Each structure stands twice: as structure tokens, then as C-alpha cells.
Amino acid sequence: MTSKESASGRGVLLVNLGSPASTSVPDVRAYLREFLSDPLVLDAPAPIRAMVLRLFILPFRPKRSAAAYSTIWTEEGSPLIVTGRRVAEEMDRRLEEPVILAMRYGEPSIRRGLEEARERGVTDLHVIPLYPHFAMSSTETVIRKVQTESEAMGRPFRLTFRSEFHSDPRYIDALRQVAAPYLATEPDHLLFSYHGVPVRHIEKRDPTGCFCLRSPDCCLTDHPATGLCYRAHCMRTTEALAAALGLPRDRYSVSFQSRLGRDPWLSPATDEVLQELPSRGRKRVLVICPSFVADCLETLEEIAVEGRETFIEAGGTDFTMVPCLNEHPAWLDCLEEFAREREPQPIERE
């Protein structure tokens, strides 16, 4: 990364989820502790959250997660971090203002990103959470954390945020360019697998309290509740990309992955859909994961390894995962335009 200073006071902060420092069990445990201690992720009262972490998650999950991370780790480190650095470096090269990478959990932290921005003369910071679809456990927690850390620094930045870009034509076209060559192999089915969230997260962000998940087509209906609805954003990405690819309705479907715990999550679950597809005659499947802009544990291990095994064992014959946007030129062009645009904050502090 270059160390150019801001001549205008403007800068850009790119923020993604994060990754453990290594595949060691202690490093994975530290990462999971920080991640799952976030009240916007595990949104139970603090005493219950602490008990669940101490008794049910941290004694067991770090070892399993460390083994999973070890299957995707590269010589340079975490794929998510490596890709993030390369993208930030390219944006820093393209733009006149500094572009800095941060992670919501782990390193480089948001606090460190803000400190670097201050060191490089930035006072007007445009923050781009690298999540296409707004959710309280992704975009919202980034916004809250940036606001809190900025205020704690004494001289807060002037902040603007890009809250989501689920149906932005530039994002959809980047997805189309990545997916089109894989569709040329004529698979039987395209599965859109999005990261799941608990059902209660959707209901909490319904300002009416009586619309979300109450009808089969609620997400494709124009309504105040769909503005910050994660599921609605996913469905609209699906419809826009399917139209861009010229896919008939019977050639694709939507599922949700990465469940955690026993509470109801968005459905159908990706692993269950992959197990069912061969029995419906869909034996050559293509999977795309539009909620991730960079390949990570959830795509490289959960889908490309575990998902493939589930599908093949169920009788499927051909399984292909479409890579994430990563460093594709169309995505870099799209992100450059996002970085040049400033928007007002999408939500106010509570």
C-alpha cells in the first residue's frame, strides 16, 4: 500500500468482515470471541450472550473452524485479507485520495484504519462496507463501529457511508461478467446461495412490525419495510442478475447458508437444497454467492468443498462454484465509481 497523503482531506475506507490472524486454535478462538460478542451479530442480552459463548461455542467451535480455515489458507495468509489488500491497493492507485482497508473483526481493525486515515491527512472519510445487502450483522455493525471509534478519537471524521448496493446496475453487471462464462457450460440449475441471518434480524428491521415474511412475495413488493430488509435485497439481486443473464425462472433458485445455533434462520438452507436438487433431475449445478464480494471460508470451504460433497453424495454429477468478484476488472471499475460517490449516512445513531 502506498502512503500518499490526502491533498483534499478526503479518503476512502473499505471494510469487510475479517479473518483470524492464523489457523491456530487460539487465534481462531480470539476471532470468534470478538465476532460473536458483537450484539448486532449474536443479539441476545449480554449475560446470555456471554454464557452461550463460554459454554457452547468457544469450547468447541474454534477447533472445527481452525481445521476449516487450514484448508483454504494460502502462503500469503487469509484469502479474504489477501484479496482485500490487493483491491485496496488498486483503488489507492486509481484514486487521487488515500484508500485504506479495514476489517470489522480482527486485523487490520477499524480503529487502525481510522488511525491510518488520520496519519494520511484525511478528515472527510467515505466508508464502503463491502456487503451488497444491508443487514444489522454486517453493514449496520460496521457503521456503528466506525462512528464509535471516530468519536473516541477526539476529532471525529466527517463520515459518509454507502449502505448497500444490492441492485446497483454496476454491481449486477460485474456479477454477470463473472458468471456468464460458467453458464456457457449449460448447467441444469443455478443456485443463488446467500449468507443466512436469523429470522428475528429481519423482523427487527421491519418498521411496521407486520410486513416482513408475512407473504411469499413480500420481498419483491414496494413497501417501507423492504428498504433495509436483507432478504428483500437478496431477492432483488437474484431477479436482476437472472434477467441480465437471460435465465428463465425454472433454471434458478435461492438458498441461505452458514446457519449458527438452533433459532430459525432464513430458508431454504443451502445444504438441504443441494441434497434435494439431484432428485429433481438437476444433476449439473452451478452455485453463485452474491453476498460475498471476495472468496472466503464461506465460499471456498463451505460451498466449494462441503457443498460439493453434499451434492455429489446425493447423486449430482457436476458441481461448479462461480468465483466471487474478487479482483475482476468489472468489480474494480464498479468499486472505483462507488469510491468517487458520496452519500448521506443511511441510519442515525441510537
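Values in this text are rule-based calculations from the coordinates and carry no lab data. Note that the coordinates shown come from a computational prediction; the quantities given were computed from them, not determined experimentally. We place every Cβ from the backbone using ideal geometry, glycine too, and count neighbours over all the protein chains shown.
Only loop residues by DSSP count here, and only those with at most 13 other Cβ atoms within 10 Å; note down the trypsin sites (Lys or Arg not before Pro) in the stretch 174-236 that meet that.
Working: sites: R176, R200, K204, R205, R214, R231, R236; in loops: R205, R214.
Those satisfying the criteria are R214.
If a paramagnetic tag sat 7 Å from the Cα of R249 along the Cα-Cβ line, which residues of the stretch 163-192 would have the backbone N under 20 Å from that point?
Only 188-192 pass the distance filter.
Dipole of the chain, Cα-centred, from +1 at each Lys and Arg C-beta and -1 at each Asp and Glu C-beta, to the nearest 20 debye? Display every interim value, and only then the final one.
Details: 43 positive and 51 negative charges, 156 e Å.
Approximately 740 debye in magnitude.
Show that you can apply the helix-only estimate: for the chain, add -39,500 (n - 2.57) for every DSSP H stretch of four or more residues, divide by all residues, and state [θ] at 222 nm to the nearest 500.
When only DSSP H runs of four or more count, the value is -11500 deg cm²/dmol.
Among 181-187, 91-97, how do they line up by average Cβ neighbours within 10 Å per residue, starting with the highest? If you can, show how the numbers build up before the last one.
Working: 181-187: 12.6, 91-97: 16.9.
Packing order, densest peptide first, comes out as 91-97, 181-187.
If you build the Cα gyration tensor of the stretch 169-321 and take the root of 5 times each eigenvalue, what three semi-axes come out, in whole angstrom, biggest first?
On the way: eigenvalues 132, 69, 40 Å².
Over the Cα atoms of the stretch 169-321, the ellipsoid semi-axes are 26, 19, 14 Å.
With the radius of gyration and the Kirkwood radius both derived from the Cα set of the stretch 265-317, what is their ratio Rg to Rh?
0.97
Write down the percent of antiparallel bridges among all DSSP beta bridges whose residues are both part of the chain, to the nearest 5.
Details: 2 of 34 bridges.
Counting DSSP beta bridges with both partners in the chain, the antiparallel share is about 5 percent.
Over the stretch 76-198, what lengths in whole Å, largest first, do the semi-axes of the equivalent ellipsoid take, defined as the square roots of 5 times the eigenvalues of the alpha-carbon gyration tensor?
Working: eigenvalues 189, 59, 39 Å².
Three semi-axes, in Å: 31, 17, 14.
So which residue, out of M136, M235, M51, gets the largest mean-square fluctuation from a GNM of the chain using Cα contacts under 10 Å as springs?
M51
For q = 0.13 Å⁻¹, what log10 I(q)/I(0) does the stretch 3-158 give under the Debye formula with an equal point scatterer on each alpha carbon and no solvent?
Each listed q maps to, in turn, -0.66.
What is the distance in Å between the Cα centroid of the stretch 166-229 and that of the stretch 37-73?
27
Over the Cα atoms, compute the radius of gyration (one decimal) and Dmax (the largest Cα-Cα distance, rounded to a whole number) for the chain, in Å.
Rg then Dmax for the chain, in Å: 19.9, 61.
With point charges of +1 on the Cβ of Lys and Arg and -1 on the Cβ of Asp and Glu, referenced to the Cα centre of the stretch 184-291, which listed residue (A242, Y252, C210) lies farthest in the positive direction of the dipole?
C210
If a paramagnetic tag sat 7 Å from the Cα of E306 along the Cα-Cβ line, which residues of the stretch 184-201 would have the backbone N under 17 Å from that point?
193-198
From the C-alpha gyration tensor of the stretch 147-244, pull out the three semi-axes of the equivalent ellipsoid (sqrt of 5λ each), sorted largest to smallest, in whole Å. All intermediate terms of the calculation are to be shown ahead of the outcome.
Working: eigenvalues 182, 97, 27 Å².
Over the Cα atoms of the stretch 147-244, the ellipsoid semi-axes are 30, 22, 12 Å.
Where the only charges are on Cβ atoms (+1 Lys, Arg; -1 Asp, Glu), what is the dipole of the stretch 169-321 about its Cα centre, to the nearest 20 debye?
Values: 17 positive and 21 negative charges, 88 e Å.
Value, rounded to 20: 420 debye.
Using a 10 angstrom cutoff on alpha carbons, build the Gaussian network for the chain and name the most mobile of I172, I288, I72.
Result: I72 has the largest fluctuation of those listed.
Just to be sure I understand: with springs between alpha-carbon atoms less than 10 Å apart, which residue in P216, P224, P264 has the highest mean-square fluctuation in the Gaussian network model of the chain?
Result for the chain, Cα springs under 10 Å: P216 fluctuates most.
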